[in-house]
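Beneath this line is the structure, given in structure tokens, with notes to follow.
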Protein chains: 2
Amino acid sequence: MTKANSTIVIPVLLLGCGGVGRQLLHHIVSCRDLHSKRGLLLRVVGVCDSRSLLLVNDVISKGFEDAFLTEICRIKSSSTSSLSALLDRGHCQFFHDAEVTAKVLEVAGMLGRSTGLSVVDCSASSETMGILKQVIDLGCCVILANKKPLTCEIEDYDKLISNFRRIRFESTVGAGLPVIASVTRVVTSGDPIHRMVGSLSGTLGYVMSEVEDGKLLSEVVLAAKSLGYTEPDPRDDLSGMDVARKALILARLIGWRISMDDIQVESLYPEELGPNSMSTEDFIRTGLSSLDIDLQERVHAASSRGKVLRYVCIIEGSKCQVGLQELPKDSSLGRLRGSDNVVELYSRCYKNSPLVIQGAGAGNDTTAAGVLADIIDVQDLFQ
Amino acid sequence: MTKANSTIVIPVLLLGCGGVGRQLLHHIVSCRDLHSKRGLLLRVVGVCDSRSLLLVNDVISKGFEDAFLTEICRIKSSSTSSLSALLDRGHCQFFHDAEVTAKVLEVAGMLGRSTGLSVVDCSASSETMGILKQVIDLGCCVILANKKPLTCEIEDYDKLISNFRRIRFESTVGAGLPVIASVTRVVTSGDPIHRMVGSLSGTLGYVMSEVEDGKLLSEVVLAAKSLGYTEPDPRDDLSGMDVARKALILARLIGWRISMDDIQVESLYPEELGPNSMSTEDFIRTGLSSLDIDLQERVHAASSRGKVLRYVCIIEGSKCQVGLQELPKDSSLGRLRGSDNVVELYSRCYKNSPLVIQGAGAGNDTTAAGVLADIIDVQDLFQ
């Protein structure tokens, strides 16, 4: 980042043009005035989708114009369109397949140490890891909405966070909710966190509160699916793996050296109803409803003990668990309704009564807002 | 701050040796290992109480040793002891009364621009403003636990926050709870906050939940006072002025250009029972109980409407109000019990369901932890 007339210019290179990436570009454009008042200018120098890279001609001093960024969003909102469709607008270069990584690293080398470059990963791919590790060595900052690079092998994770001040990943847990920022603050102030409990899936939160109200699991999941609240294959939500990834990110954040294999994950469906045994259609048509009675009984059993059933992660002692838990009705987690996320932190300062952070924990708008807050936050490094 | 063997050294000058200031010194000492692992070294170069300044001999390269910092805490925990008692330990200089400000500014001038200096105000004084404005001009960072400098005239406030990246004040609202950091993140991500509601006084939160349980106001206040939960004169809590100061800090943080005079503050006692008309003793003996019936009736009236009464700040539209409000029982604020603080933020991303931050919002331990997290946060500027 460079100062010009006391404006701090932050070059940004975006990996991933899905919903979050496009929303980020929209936010960058709509925040121009706000950021300008704070002496900030975000200069988007390049945008990657899964196969190609669109790069501004003059990487050293120019960024895409706002109309062009809006056009990128328009083009990429159609799943069949390629970034190459924008080449005829001029002022940009286009790279494809094998050329992309080399070009990204060239840009990172040019900008990283001299002016700083924020490489922002809004993809959902595990294949960005190679690029991310290298751009860190080139002096760039890394901002992640993508959980995969943080849930990889511990050696790769260590490399990613080797300079903790140059990486931010708020939107990987609870979307834009300030969970990572808050945990980081508590930990660096010497107040060790000894217990974290969280409801980190909007979908599973919604499902469990509806089932508590007497509806059948299959009924709730199908309704949620028709509203677009679940993944195309609802087992991607019901397996708990997405929650497990978030739990791993939180556990590593407080210093635990664990991997995905160390997490006990309770899936809401048995293996014989899994993707290896049954198609999505069959699961929805026959498998799903076979889970109804069992879950209903567990909800009733919890209720008879004055508790409620929630799908949560618990990080405590030496155990990181993800699954159904009976929790007190009058706790933040017990009271949770609908799709809000909640995280409770217990530490020396928050011992009897936890620090609670609650709110919408999904959606492209809030996820991209969290990414943008991270980009602004990390720019202090370069003022 | 300077790098030595890739360690970032953060010089700190502390104003105020009350409970929070002393706890901060304790935290700095006990976090040595933690910070060292993160490549940070906090070097305390000077400590001020209300009348004097103890300064390390070699300001450019040395800080007080940990044993000495602990000794400062020990000495200052007795209200009659002066920092001068430590002079015979050597390695330090002592300045008194009129000399103090000039010396602080001299140190700020030496360290501010060259290596950075965090001037940390843990006093409760409105008289630090002069120093704070000047050290900012000298390139220092300012960290506040003291609310007074942020609730002053708007011109002075503008000066203080003229470089927003060099000032932090998390612990002025909700102690160490990440309220300011979260509001800042939401605002800078272009998600404008249109409503904030908060229960920001642990004392009044406790009082209102006990009164709701059927106890009398006078009974609850006297019990709280005997436990040390209230100010020596409980009217300092019951007036709502402390909550009003926090409300002003939040309103200014989201860009409102208002002053204390613009805030509607409901005091829980009438003027004829105020400090100008009645001594603390008389208020406690006779005045306090005269408030019981009226409050009890208001609590009942709220309850008959299915609501609960809470002492909150509401920042919305063009109004900043502090006082009793009837709130839904099943909201975060309605459910609040005991002395926890809660803040609800409503924005575009948190529209139907607010972003909620809840937890212990008072106490020297968590307040000082918030200050320390601020010092670490601001150091990114100098790495």
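Observations, loosely collected:
For every residue, the table says whether it meets (1) assigned by TED's automatic domain parsing to the domain that holds A:ILE10; (2) surrounded by fewer than 17 Cβ atoms within 10 Å (Cβ to Cβ); (3) out of contact with any His (no Cβ under 7 Å at 6 or more places or on another chain).
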site: A:SER52; (1), (2), (3): yes, no, no
site: A:ILE72; (1), (2), (3): yes, no, yes
site: A:ALA98; (1), (2), (3): yes, yes, yes
site: A:ASP121; (1), (2), (3): yes, no, yes
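- Which numbered condition A:SER303 misses (of (1) surrounded by 12 or more Cβ atoms within 10 Å (Cβ to Cβ); (2) closer than 16 Å to A:LEU238 by Cβ; (3) polar (S, T, N, Q)): (2)
- Restricting attention to the range A:1-27 and to residues that are modelled with pLDDT under 95 and assigned to a strand (DSSP E or B), the residue that is surrounded by the most Cβ atoms within 10 Å (Cβ to Cβ) turns out to be A:ILE10.
- Scanning the range A:328-363 for residues that are outside any loop (DSSP other than H, G, I, E, B) and surrounded by fewer than 21 Cβ atoms within 10 Å (Cβ to Cβ) turns up A:PRO328, A:GLY334, A:ARG335, A:TYR346.
- Residue match in the range A:279-301 (condition: of a type in the set (Gly, Ala, Ser) and under 30 Å from A:TYR346 (Cβ atoms)): yes
- Some residue of the range A:28-43 being closer than 14 Å to A:CYS122 by Cα, touching a Ser or Thr at 6+ places or on another chain (Cβ under 9 Å) and outside any strand (DSSP E or B): no
- Some residue of the range B:348-356 being away from every other protein chain (no Cβ under 14 Å), in contact (Cβ under 8 Å) with a residue 12 or more places away in the chain and of a type outside the set (A, V, I, L, M, F, W, C): no
- All conditions but one from (1) on the phi > 0 side of the Ramachandran plot; (2) out of contact with any Pro (no Cβ under 8 Å at 6 or more places or on another chain); (3) surrounded by 16 or more Cβ atoms within 10 Å (Cβ to Cβ) apply to B:GLY116; the one that does not is (2).
- Residues of the range B:47-70 satisfying the condition of being touching a Phe, Trp or Tyr at 6+ places or on another chain (Cβ under 9 Å) and without any contact (Cβ under 8 Å) to a residue 40 or more places away in the chain: B:VAL47, B:VAL56
- Within the range B:328-345, tally of residues that are touching a residue at least 40 places away in the same chain (Cβ under 8 Å) and touching a helix residue (DSSP H, G or I) at 6+ places or on another chain (Cβ under 8 Å): 10
- From the options A:SER162, A:SER209, A:SER239, residue that is of a type in the set (S, T, N, Q), away from chain B (no Cβ under 14 Å) and surrounded by fewer than 23 Cβ atoms within 10 Å (Cβ to Cβ): A:SER239
- Condition check for B:LYS215: surrounded by fewer than 21 Cβ atoms within 10 Å (Cβ to Cβ), touching a residue at least 12 places away in the same chain (Cβ under 8 Å) and farther than 29 Å from B:ILE10 by Cα: no
The values are calculated or read from the model by the stated rules, or taken from the named source; none is laboratory data. Because the structure is predicted, anything quoted here is derived from the model rather than measured. All Cβ positions, glycine included, derive from the backbone under ideal geometry; neighbour counts span all protein chains shown.
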